[in-house]
Amino acid sequence: MRDNKRVYTFGNGLAEGAADMRNLLGGKGANLAEMNRIGVPVPPGFTITTETCNEYFARGKDTLISLLSDEVMRAVHHIEGLMGATFGDPTNPLLVSVRSGARASMPGMMDTILNLGLNDTVVEGLAKKTGNPRFAYDSYRRFVQMYGDVVLGMKPETKEDIAPFEEIIDHVKAQRGVRLDNELNVDELKSLVVLFKQEIKHRTGKDFPTDPMEQLWGAICAVFDSWMNERAILYRKMEGIPAEWGTAVNVQAMVFGNMGDTSATGVCFSRNAGTGENVFNGEYLVNAQGEDVVAGIRTPQQITKAGSLDWAHQQGISEEVRASLYPSMEEAMPEIYAELDMLQQRLEAHYKDMQDMEFTVQDGKLWFLQTRNGKRTGTAMVKIAMDLLRDGVIDEKTALLRCEPHKLDELLHPVFDPVAKSQAKVLTHGLPASPGAASGQIVFFADDATRWHDDGRRVIMVRIETSPEDLAGMSAAEGILTARGGMTSHAAVVARGMGKCCVSGAGAINIDYKHRTVEIDGVVLKEGDYLSLNGSTGEVYQGLVKTQPAELTGDFAELMTLCEKYTKLVVRTNADTPHDAAIARSFGAVGIGLCRTEHMFFENEKIKAMREMILADTKEGREKALAKLLPYQKQDFYGILKSMDGCPVNVRLLDPPLHEFVPHDLAGQQIMADEMGISVQEIQRRVNSLSEHNPMLGHRGCRLGNTYPEITVMQTRAILSAAIQLKKEGYDPQPEIMVPLIGIVNEFDEQEKVIRDTALQLFAEEGVELHFRVGTMIEIPRAALTADQIARHAEYFSFGTNDLTQMTFGYSRDDIASFLPVYLDKKILSVDPFQELDQEGVGQLIRMAVERGRSTRPDLPCGICGEHGGDPHSVKFCHHIGLSYVSCSPFRVPIARLSAAQAAIE
Ligand code: PEP
Ligand code: MG
């Protein structure tokens, strides 16, 4: 604990905090202090540290209040001094906001309380002081509502219910015959306060607290508590944010965007968070408070005129209507707009990154409430990094480090097939909140989205608006469609963060949660019907529209070229068809690190010959069947070697147990029996003889080649004769032959001898010599432990981290799902070790095997070809332990390339 200081003030231009204190003050607190230091107007306030949050959970509420009380009182007086108003004073009251703020941005996951400090007497003082009773009572009813929700737990009872306070508001509005909250008059607002308090008393049995200090402590503790709410925990899990980080609490003087038509509130971005274009943009609402914009209750207006024109065009709104009903801030408040524009530029230049800012205009005066590096889509991430690099704002290394490898995935995501799209019916338009294309079946509730997704269905989540409770459902859905809310609504911000397609604010859709239907332009769709969304244009299509892969040029290509400049690790791909090899090559893979041969045996004629081989009782019988397979195998290898011409192609000999190639159901066995002209009983006898208790530890890998060397002979001939043919045709094939599942050096030596002898014989027959290497998978712990022996003859190692993880942990890779969720929940495991390499355990084995292998053969190339080869953390580990290459599925090649470059820079 830093001198036991728990509270840091700001607001006099001499903030106690600064941007580099985000671990202690949270992102929001640190940036408020920093803005204050560089002359951006922020309402005065103070930040209670994240360490205090941990203390709160460790020592409890009462201890915390007694520990904090002097510091909080000092800080409240600090605000009072700067604002010339007093907290709880009935004639000249100070009101405050209480907000969360963790080290990493967690938009909307935790709680906020605004307008704190009001009670029945203070509200009268506020009305007199501002000369605006409507404003005073509107603030009061908002405060009671928020405090009730957040601190007193006034939540809706079932998911179909609307929140209790919303129900009361709707009732009063209906009585008055008005549509919007801001059409309610003072008396109606007063009666809302009374009704809200009655509801609180009715539901909680307690009176609403009138003492402002009691209110403040309630709010501070509620914000700390919200660190542990379900949605925050889920978000942390998804984003890998440790619970120990805690949240800070920011208490600030209230500034009011709801003081009339010279007041407003808004959210803006220094660049476009969806596309990355360098255009200032954002949304604001006149006479409103911040939560109105974020909650998407009223449709916000655009900040810039250009943005407003685009918006009107997308919504099909005429220029006359736009200019009179939805003017931009640039048109409606030109002076404030100019100041906002100037300050957003100052903030972006200061932080050297795209900023996401919240502001309030109180009676013609602009205040900034928050700035942070804006969340962005993968496309925007790459464009912004490359634009800032070109403009000389950041250097190459920073540009590379700015890009999150896993987000490149979004750029590789499909778009609609143009033909399918031209034939599809556009039902309506919403806002293009998060790009990409998505199709799926309609669901209306988050828990259904999760359930349907778990059942293997692709779903589109359709909501009036989303709230943070919907997070898990949004994550499970292919895309999200909302009826309300702008580009900065929760749905939009969260979807962009997830890289998920989202269309928000599609005003023409009418959702009926009770009947689980949505009506769009006269078409009624029900739960389970298909819908397609284009998150890049905001279009909503009826039915399932076919998608196609994205094109990767421009900034993406430049970024990938930049990776090459810094990276030390080579990136290869796991591919077993010429098509996959070609895709991977276009993404920059420089070779195949794993060509699994087993997938090649499943097509018609091939599977027949394969089964014939499996059924044969003698070597001669097997050889006869293998001779049929040889030309097919040769053809497969020919295509792959050709599409990777000039690059190494590492072909693995047959690996899976043979029973995987024979049918296990009676119908399949009958077909097989008919095809082969033998009885079903005969087939069943053989299938039974192949059955094993632990097939993954059974007759597979090099154990097949060692018991049936003729399989190795056939595969070696196929690989090398394909290469010879290509060489004769003028190509430059570079085959490598890899022996799987070695545990003992003799297993490798036996297979190597078969491979070398077969090669010599083939070269003599063909009259051609060809260079090729023979290497091995290291995927059994014993192989890692005896790597020095294995490297005597093996010319390279490829770590099969799928099996190595399986055998090091003793977890079946096919059955881990039965206990993994519990292990993750109980924190026995922090991640799925089959997705992210376990550096402490499995990683040690790899590190040791590399050292031991290179002690025998100093120039031993070592790579990894398990799933971990495309995981950013694992790739970085591979760099640090000196692997030569990583190999991953084609679509993860760019991710691995960026991770490798980052590892070299870091
Ligand atoms: C591995 O075990 O990591 C590997 C690449 O082989 P497979 O997944 O085919 O067993
Ligand atoms: Mg394996």
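Residues that are of a type in the set (Lys, Arg), at pLDDT below 90 and touching a Phe, Trp or Tyr at 6+ places or on another chain (Cβ under 8 Å) within segment 138-184 comprise just one, LYS159.
Only one residue in GLY84, GLY27 is free of Cβ contacts under 8 Å to residues at least 40 places away in the same chain and of a type outside the set (Val, Ile, Thr), so which one is that? Break it down stepwise before answering.
Working: GLY27 fails: free of Cβ contacts under 8 Å to residues at least 40 places away in the same chain.
Among GLY84, GLY27, only GLY84 is free of Cβ contacts under 8 Å to residues at least 40 places away in the same chain and of a type outside the set (Val, Ile, Thr).
The criterion of being within 24 Å of PHE10 (Cβ to Cβ) and modelled with pLDDT of 95 or more does not hold for GLY257.
Note on segment 853-888: among residues that are surrounded by 18 or more Cβ atoms within 10 Å (Cβ to Cβ) and among the small types (Gly, Ala, Ser), the one that is nearest to THR805 (Cα to Cα) is GLY866.
Considering only segment 48-79, state which residues are among the aliphatic types (A, V, I, L, M) and assigned to a helix (DSSP H, G or I). Before you say what the answer is, go through the steps one by one.
Restricting attention to segment 48-79, the residues satisfying the condition of being among the aliphatic types (A, V, I, L, M) are 48, 58, 64-65, 67-68, 72-73, 75-76, 79.
Residues satisfying the conditions are ALA58, LEU64, ILE65, LEU67, LEU68, VAL72, MET73, ALA75, VAL76, ILE79.
The residue that is modelled with the lowest pLDDT, among those in segment 475-508 that are of a type in the set (A, V, I, L, M) and surrounded by fewer than 24 Cβ atoms within 10 Å (Cβ to Cβ), is MET498.
Against the definition (out of contact with any Gly (no Cβ under 8 Å at 6 or more places or on another chain) and either of a type outside the set (Ser, Thr, Tyr) or surrounded by fewer than 22 Cβ atoms within 10 Å (Cβ to Cβ) (or both)), how does LEU234 come out, yes or no?
On the way: out of contact with any Gly (no Cβ under 8 Å at 6 or more places or on another chain): yes; either of a type outside the set (Ser, Thr, Tyr) or surrounded by fewer than 22 Cβ atoms within 10 Å (Cβ to Cβ) (or both): yes.
Considered against the rule, which asks whether it is out of contact with any Gly (no Cβ under 8 Å at 6 or more places or on another chain) and either of a type outside the set (Ser, Thr, Tyr) or surrounded by fewer than 22 Cβ atoms within 10 Å (Cβ to Cβ) (or both), LEU234 comes out as yes.
Tallying residues that are without any contact (Cβ under 8 Å) to a residue 60 or more places away in the chain, charged (D, E, K, R) and within 16 Å of ligand 1 (Cβ to nearest atom) within segment 805-833 yields 2.
Has segment 689-701 got at least one residue that is part of a helix (DSSP H, G or I), buried (at least 21 other Cβ atoms within 10 Å of the Cβ) and touching a residue at least 60 places away in the same chain (Cβ under 8 Å)? Steps first, answer last, please.
Within segment 689-701, the first condition is being part of a helix (DSSP H, G or I), and the residues that meet it are 689-690, 695-697.
So of that shortlist, the ones also buried (at least 21 other Cβ atoms within 10 Å of the Cβ) come out as none.
No - not one qualifying residue is present in segment 689-701.
Could you run through segment 316-342 and say how many residues are assigned to a helix (DSSP H, G or I) and surrounded by 22 or more Cβ atoms within 10 Å (Cβ to Cβ)? Walk me through it before giving the result.
Filtering segment 316-342 for residues assigned to a helix (DSSP H, G or I) gives 319-325, 329-332, 334-342.
Those left that are additionally surrounded by 22 or more Cβ atoms within 10 Å (Cβ to Cβ): 329, 340.
Within segment 316-342, residues that are assigned to a helix (DSSP H, G or I) and surrounded by 22 or more Cβ atoms within 10 Å (Cβ to Cβ) number 2.
Taking VAL850 as the residue in question, decide whether it is farther than 24 Å from MET696 by Cβ and either buried (at least 23 other Cβ atoms within 10 Å of the Cβ) or within 19 Å of the chain's Cα centre (by Cα) (or both). Considered against the rule, which asks whether it is farther than 24 Å from MET696 by Cβ and either buried (at least 23 other Cβ atoms within 10 Å of the Cβ) or within 19 Å of the chain's Cα centre (by Cα) (or both), VAL850 comes out as yes.
Among the criteria (1) among the charged types (D, E, K, R); (2) out of contact with any helix residue (DSSP H, G or I) (no Cβ under 6 Å at 6 or more places or on another chain); (3) part of a helix (DSSP H, G or I), the one ASP838 does not fulfil is (3).
Being surrounded by fewer than 22 Cβ atoms within 10 Å (Cβ to Cβ) and farther than 24 Å from LYS421 by Cβ is the filter here, so list the residues in segment 453-472 that pass it. Let's see the steps before the verdict.
Here is the first cut: in segment 453-472, the residues surrounded by fewer than 22 Cβ atoms within 10 Å (Cβ to Cβ) are 453-458, 464-465, 467-469, 472.
The answer is HIS453, ASP454, ASP455, GLY456, ILE464, GLU465, SER467, PRO468, GLU469, ALA472.
Taken residue by residue, segment 236-244 has no member that is in contact with a Leu (Cβ under 8 Å, 6 or more places away or on another chain) and not in a helix (DSSP H, G or I). Only residues that are more than 12 Å from ligand 1 (Cβ to nearest atom) and surrounded by fewer than 20 Cβ atoms within 10 Å (Cβ to Cβ): list them for segment 775-804, please. Those that are more than 12 Å from ligand 1 (Cβ to nearest atom) and surrounded by fewer than 20 Cβ atoms within 10 Å (Cβ to Cβ): PRO781, ARG782, LEU785, THR786, ASP788, GLN789, ARG792, HIS793, GLU795.
The set of residues in segment 566-625 being within 16 Å of ligand 1 (Cβ to nearest atom), in a helix (DSSP H, G or I) and either of a type in the set (Val, Ile, Thr) or touching a Phe, Trp or Tyr at 6+ places or on another chain (Cβ under 7 Å) (or both) consists of PHE601 alone.
Every condition in (1) farther than 26 Å from GLY240 by Cβ; (2) out of contact with any helix residue (DSSP H, G or I) (no Cβ under 9 Å at 6 or more places or on another chain) is met by LEU860 except one, and the failing one is (2).
Mind telling me which of the residues VAL754, VAL739 ends up being aliphatic (A, V, I, L, M), surrounded by 15 or more Cβ atoms within 10 Å (Cβ to Cβ) and away from ligand 1 (no atom under 16 Å from the Cβ)? Outline the logic, then answer.
Numbers: VAL739 fails: away from ligand 1 (no atom under 16 Å from the Cβ).
Selected residue: VAL754, the only one of VAL754, VAL739 that is aliphatic (A, V, I, L, M), surrounded by 15 or more Cβ atoms within 10 Å (Cβ to Cβ) and away from ligand 1 (no atom under 16 Å from the Cβ).
Exactly one residue out of TRP217, TRP227 is buried (at least 16 other Cβ atoms within 10 Å of the Cβ), farther than 20 Å from GLY117 by Cβ and not acidic (Asp, Glu), and it is TRP227. Pairing residues of segment 853-867 that are farther than 16 Å from VAL739 by Cα and within 16 Å of ligand 2 (Cβ to nearest atom) with residues that are modelled with pLDDT under 95 and not aliphatic (A, V, I, L, M), at Cβ distances under 7 Å and at least 6 apart in sequence or on separate chains, gives GLU867/ASN802; GLU867/PHE834; GLU867/GLN835. Highlighted here are the helices (runs of 4 or more DSSP H) found entirely within segment 739-819 that include at least 1 residues which are more than 16 Å from ligand 2 (Cβ to nearest atom): 745-766, 781-785, 787-790. Within the set LEU431, LEU400, LEU408, the sole residue that is of a type outside the set (Asp, Glu) and under 30 Å from ALA508 (Cα atoms) turns out to be LEU431.
Yes or no: PRO663 within 16 Å of ligand 1 (Cβ to nearest atom) and either in a loop (DSSP other than H, G, I, E, B) or small (Gly, Ala, Ser) (or both)? Please lay out each step first, then the result.
Details: within 16 Å of ligand 1 (Cβ to nearest atom): no; either in a loop (DSSP other than H, G, I, E, B) or small (Gly, Ala, Ser) (or both): yes.
In short, no.
Among the residues making up segment 859-896, those that are among the hydroxyl-bearing types (Ser, Thr, Tyr) and within 12 Å of ligand 1 (Cβ to nearest atom) are SER874, SER887, SER889.
Filtering segment 509-549 to residues that are crowded, with 16+ Cβ neighbours inside 10 Å and of a type in the set (Gly, Ala, Ser) leaves SER532, GLY535, SER536, GLY538. Being within 38 Å of the chain's Cα centre (by Cα) and polar (S, T, N, Q) is the filter here, so list the residues in segment 318-344 that pass it. Selection gives SER318, SER328, GLN344. Exactly one residue among LEU64, LEU114 is under 20 Å from GLN145 (Cα atoms), of a type in the set (A, V, I, L, M) and crowded, with 19+ Cβ neighbours inside 10 Å, and that residue is LEU114.
The values are calculated or read from the model by the stated rules, or taken from the named source; none is laboratory data. Predicted model only: the values in this text are computed from it and were never measured. All Cβ positions, even for glycine, are placed from backbone atoms using ideal geometry, and neighbour counts span all protein chains on display.
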